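Chemist: Quick one: the structure is below, questions incoming.
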Amino acid sequence: MSRGRTHRVLTRRIDAQGSRRMPDQLIVEEPMSIRLDGTLVATTMRTPGEDFELAVGFCVTEGLLGEAEVRTVRYCGQGSAMQSEFNDVTVETGGQAPPPTPRLGPASSSCGICGTVAIDTLAQRLSVLNTQPFDPQQLMAVAAEVGGDQTLFAATGTVHAAMAFDRDGQPLIMREDIGRHNAVDKIVGRLYLDGQLPATDLGLWVSSRASFEMVQKAWAAGFSCLMAVSGPSALAVETAQRSGLQLAGFAREGRINIYTD
């Protein structure tokens, strides 16, 4: 598999003009193993690129670091980077992070008592956010402008995006990935490596729905606001209320739903 982000193929296009062969670009999807101090903690399917950001961001949003600081990030834990095709990343804290519990599959949505337990678990390790909400008019302006920066989506039509923006509505970091959670983790990882967490004065825009896990990641990173193109789940709204996170959905030009302020 090519190490590029897209792979060129020939496809047969069928439309009102008939059938014809033409080139098309597909997004590259490869597995990546994430290790914390040498222990495998996750394997995720992702779009290659910003791998160190992804690994660090995952460790931050999943609460794996505890009070430890990241000392180094490198390819790879089990041999040379070339041998693993750059698909194995180790985050090192010098053994200061708590012994990690592997999470080898994605978290699923939950409800009822399961949802209550999930929120309570987050509240045990995360403090309630003490931030100011964004003005809804400003959020709509951000939503109206963000589409043009999604270069991989424009080429392939198959990736999600996440973007951090400031109090003036200015975009700071945009990341795209086959996985919506990966795009967010890449943003969080970049902010951590730049010494900008918690992201108290920043908002987070995502091109997907606002699920429980997206709220979890925004809460863990300290964002003031999570804004999604699609709607939230009931558990996501409940979690945002508990965390103090401003949550907005269906964010489009001239329209937005504010679920928590």
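Laboratory data are not the source of any read-out in this text; all were calculated from the coordinates shown. A quick note: this is a predicted structure, and the numbers were derived from the prediction, not measured. Because the Cβ atoms are built from the backbone with ideal geometry, glycine has one as well, and the counts that use them run over all protein chains shown.
Chemist: Normalise the Debye intensity by I(0) for segment 115-261, one equal point scatterer per Cα, no solvent, then take log10 at q = 0.14, 0.21 Å⁻¹ and round to two decimals.
Modeler: Scattering profile of segment 115-261, log10 relative to I(0): -0.58, -1.36.
Chemist: Give, as a single signed number, the net charge of other residues whose beta carbon lies under 13 Å from the beta carbon of Thr260, with Lys and Arg counted +1 and Asp and Glu -1.
Modeler: -1
Chemist: I'd like the FRET efficiency for Leu10 and Ala234, computed as 1/(1 + (r/R0)^6) with the beta carbon distance as r and R0 of 45 Å, rounded to 0.05.
Modeler: Efficiency for this residue pair is about 0.50.
Chemist: To continue, here is another question. Take the alpha carbon atoms of segment 194-244, find their center, do the same for segment 36-54, and report the distance between the two centers in whole angstrom.
Modeler: The two parts, judged by their Cα centres, are 21 Å apart.
Chemist: First select every other residue whose beta carbon is under 10 angstrom from the beta carbon of Lys186; then total the charges, Lys and Arg +1, Asp and Glu -1.
Modeler: -3
Chemist: Restrict the search to segment 128-219; then list the trypsin sites (Lys or Arg not before Pro) that DSSP places in a loop and that have at most 16 other Cβ atoms within 10 Å of their Cβ. Walk me through the intermediate numbers first.
Modeler: On the way: sites: Arg167, Arg175, Arg180, Lys186, Arg190, Arg209, Lys217; in loops: Arg167, Arg209.
Sparse-neighbourhood loop trypsin sites (Lys or Arg not before Pro): Arg167, Arg209.
Chemist: Shifting gears a bit: Across segment 39-44, in residue order, what do the Karplus-derived ³J(HN,Hα) couplings come to in whole Hz, using 6.51 cos²θ - 1.76 cosθ + 1.60 with θ = phi - 60° and x for Gly and Pro?
Modeler: Rounded to whole hertz, the list is 9, 5, 10, 6, 10, 10.
Chemist: Calculate the spin-label point distance for Asp120 paired with Gln132, positioning each point 7 Å from the Cα along the beta-carbon direction, and give it in nanometres.
Modeler: 3.6 nm
Chemist: Turning to a different aspect of this structure: Return the sequence-ordered ³J(HN,Hα) values of segment 6-18 in whole Hz as given by the Karplus equation 6.51 cos²θ - 1.76 cosθ + 1.60 applied to θ = phi - 60°, using x for Gly and Pro.
Modeler: Here the 3J(HN,Hα) series is 10, 10, 8, 9, 9, 10, 9, 8, 10, 8, 5, 8, x Hz.
Chemist: Could you tell me, in Å, what Rg and Dmax come out for the Cα atoms of the chain?
Modeler: Both quantities, over Cα of the chain: 19.0, 63 Å.
Chemist: From the phi of every residue in segment 192-209, what ³J(HN,Hα) in whole Hz does the Karplus formula 6.51 cos²θ - 1.76 cosθ + 1.60 yield, where θ is phi - 60° and glycine or proline is x?
Modeler: 5, 5, 8, x, 10, 10, x, 8, 4, 9, 10, x, 10, 9, 10, 7, 10, 6
Chemist: Still on this model: Around Leu172, under 12 Å between beta carbons, what's the net of Lys plus Arg minus Asp minus Glu among the other residues?
Modeler: Numbers: positive: Arg167, Arg175, Arg190; negative: Asp149, Asp166, Asp168, Asp194, Asp201.
Here the count lands on -2.
Chemist: With loop defined by DSSP as not H, G, I, E or B, and exposure as at most 12 other Cβ atoms within 10 Å, which is the longest segment of the chain clear of exposed GluC sites (Glu not before Pro)?
Modeler: That would be 70-252.
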